[in-house]
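Student: The structure's right below; bear with me while I get my questions together.
Every number in this text was worked out from the coordinates using simple rules, so none of it is lab data. Owing to the predicted nature of the structure, the values given are computational and were not obtained by experimental measurement. Here the Cβ is made from the backbone with ideal geometry for all residues, glycine too, and neighbour counts use every protein chain on show.
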Protein chains: 2
Amino acid sequence: MGTIDLQITRQNASLRILVEDKLRQAISSGRFKPGQRLVERELCELIGVGRTSVREALRQLEAEGLITSYPHRGPVVSTISYEEARQLYSVRALLESFAGQEFAENGSNEEIVALLETVEAFEAAAKSGSGTRIIEAKTAFYDCLMTGSKNVFVKQMLTSLHNRVTLLRMTSMTQPGRLQNSVFEIREIAAAIALRDGDRAAALCKRHIEIAAKVALDYLSKNPVETSE
Amino acid sequence: MGTIDLQITRQNASLRILVEDKLRQAISSGRFKPGQRLVERELCELIGVGRTSVREALRQLEAEGLITSYPHRGPVVSTISYEEARQLYSVRALLESFAGQEFAENGSNEEIVALLETVEAFEAAAKSGSGTRIIEAKTAFYDCLMTGSKNVFVKQMLTSLHNRVTLLRMTSMTQPGRLQNSVFEIREIAAAIALRDGDRAAALCKRHIEIAAKVALDYLSKNPVETSE
DNA sequence: TTTTTGCTGTTTGCAGACAATCGGGTTGTC
DNA sequence: GACAACCCGATTGTCTGCAAACAGCAAAAA
């Protein structure tokens with residue numbers, strides 16, 4: 001009897017949240033390209049909600065850095081320069097290595113088991129070759145990693161950074177051979193965590209991101225991000 | 001005395017931003033205590049703006065973590081538990097030591113000069129004993145430190161963390177003798193940066209925050225944060 | 001050609017309205 | 001008196017119309 005209301009509480013996600021997710025998804029998927037203007041009225045009829053919900057959702061995305069608002073010209077999807085990308089990967093390396101270390105030193109055994117499972121799922125997804133499955137699996141891995149770090153602030157910040165990486169419209173994994181290396185690196189990270197070797201886990205995380213950064217930045221310097229107009 | 005028209009014509013800051021700042025300030029200053037409910041209508045007539053502006057400002061503050069919204073009950077000034085405070089100081093140590101290291105290794109000479117000036121201002125403020133001057137000077141120091149780190153993401157994140165620290169309603173500097181030590185530590189940090197000794201700067205920053213964390217957490221475990229009702 | 005002027009699309013902000021929902025008090029029953 | 005069901009006021013969530021301000025642009029004027 002008491003379990004039925006779960007479905008009901010599910011639906012109490014306010015409209016604003018739904019709009020947020022829709023927009024986030026639209027940006028991540030590339031439907032909205034960096035630089036593109038987001039006209040309020042268009043979004044309203046596109047999503048089918050009133051201005052209030054749209055505007056509040058936009059404020060949220062702006063706070064996350066996914067969009068940038070110019071006074072009296074409205075929001076545009078954020079662009080990210082080469083230099084900013086470099087800085088982004090730099091902090092990401094710092095925070096993820098911290099998360100890895102904390103996980104190794106403070107994570108519960110259950111969390112380690114869960115982490116290993118996400119690694120296996122990631123390997124399977126990589127073999128399958130399905131892009132969406134790979135992204136899902138990688139997201140699950142990071143989610144697990146951040147949760148195990150037992151630091152809500154780190155989790156928040158890393159989530160925000162991950163979202164912004166998608167603005168680059170290129171995961172380092174689209175590079176040939178990169179995916180295989182990525183699988184290997186992640187397996188190593190999980191192994192170090194399972195062995196409770198915090199320093200090694202941190203070093204591996206750092207290295208993992210640094211490699212991804214190098215690939216992404218190299219690509220970026222050759223193929224500038226395609227912006228809308 | 002022809003300055004009057006400046007105030008009116010210069011509304012380049014949108015109303016929403018002004019409301020944000022007002023609320024942020026009200027929370028930081030303790031006018032709104034953690035746990036206190038923020039009723040929309042009250043805020044509207046208190047600040048003298050419409051609901052639109054208030055609501056959008058609230059969304060922004062929510063994204064920053066300064067307030068927490070419960071569905072159909074509205075926003076509440078965030079409370080921060082002992083465990084969260086510990087996590088907060090933990091990330092702060094990580095990010096600030098990173099900032100210190102980057103500053104030492106990549107900061108310009110002009111920025112170093114500016115940093116040293118903020119240190120002197122801080123010392124002067126400490127001697128004066130004026131609470132507001134001390135806070136201002138410390139803010140200026142951190143602002144300089146973050147800018148010199150040449151990483152907008154770090155700056156953003158640290159600013160957010162600093163804002164949230166004020167929710168604890170207690171700067172570690174209210175403890176006897178702590179202010180003097182703080183002055184000394186900051187002088188050491190700046191000195192290390194001026195000498196371009198990145199590792200030492202990082203270590204000193206880390207230590208500085210860890211001490212502040214210890215003081216704050218000890219205080220917190222004895223005097224729980226006073227919340228409104 | 002250059003500057004001024006005015007138009008248009010858009011954001012920004014306000015006010016009012018309505019439904020949904022929550023919390024608390026009241027009522028009714030046992 | 002205790003307890004459940006119920007109702008009501010307060011508040012949020014959402015929509016819509018309206019007015020003002022502004023940016024960009026094109027046409028008009030110098």
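Student: Would you mind estimating how fast the protein assembly as shown diffuses translationally, via Stokes-Einstein at 37 °C and 0.692 mPa s with the Kirkwood radius over Cα pairs, in µm²/s?
Tutor: 136
Student: Right, something else. Label points 7 Å out from Cα along the Cβ direction at A:D143 and A:Y70: separation in nm?
Tutor: That separation, rounded to one decimal, is 3.7 nm.
Student: Return the lysines within reach of A:K138: Cα separation strictly under 27 angstrom, same-chain partners fewer than 8 residues apart disregarded; answer none if there are no such residues.
Tutor: A:K22, A:K33, A:K127, A:K150, A:K155, A:K206, A:K214, A:K222
Student: Calculate the dipole size of the stretch A:5-77 relative to its Cα centre from +1 charges on Lys and Arg beta carbons and -1 charges on Asp and Glu beta carbons; express the result in debye to the nearest 20.
Tutor: 220
Student: To the nearest 10 degrees, how steep is helix A:131-148 against the longest Cα principal axis of chain A, on a 0 to 90 scale?
Tutor: Once rounded, the angle reads 70 degrees.
Student: Which distance in Å, rounded to a whole number, links the C-alpha centroids of the stretch B:180-229 and the stretch A:27-56?
Tutor: The two parts, judged by their Cα centres, are 43 Å apart.
Student: In degrees from 0 to 90, rounded to the nearest 10, what is the angle of the helix A:178-194 Cα long axis to the longest principal axis of chain A?
Tutor: Tilt relative to chain A: about 60 degrees.
Student: Would you mind classifying the stretch B:1-124 by shape? Square roots of the alpha carbon gyration tensor eigenvalues, ordered a ≥ b ≥ c; an a/c under 1.5 is rounded, otherwise it is prolate if a/b is larger than b/c and oblate if not.
Tutor: Cα axes put the stretch B:1-124 in the oblate bin.
Student: Tell me, what is the FRET efficiency for A:E105 and A:N163 to the nearest 0.05, using R0 = 30 angstrom and their Cβ-Cβ distance as r?
Tutor: 0.65
Student: Roughly speaking, what is the stretch gain from A:D218 to A:E136, that is 0.36 nm per residue apart minus the C-alpha to C-alpha distance, in nm to one decimal?
Tutor: That pair, A:D218 and A:E136, stretches by 27.0 nm at full extension.
Student: A:R86 to A:F184: extension gain in nm, 0.36 nm per residue of separation minus the Cα-Cα distance?
Tutor: So the chain would gain 32.9 nm between A:R86 and A:F184.
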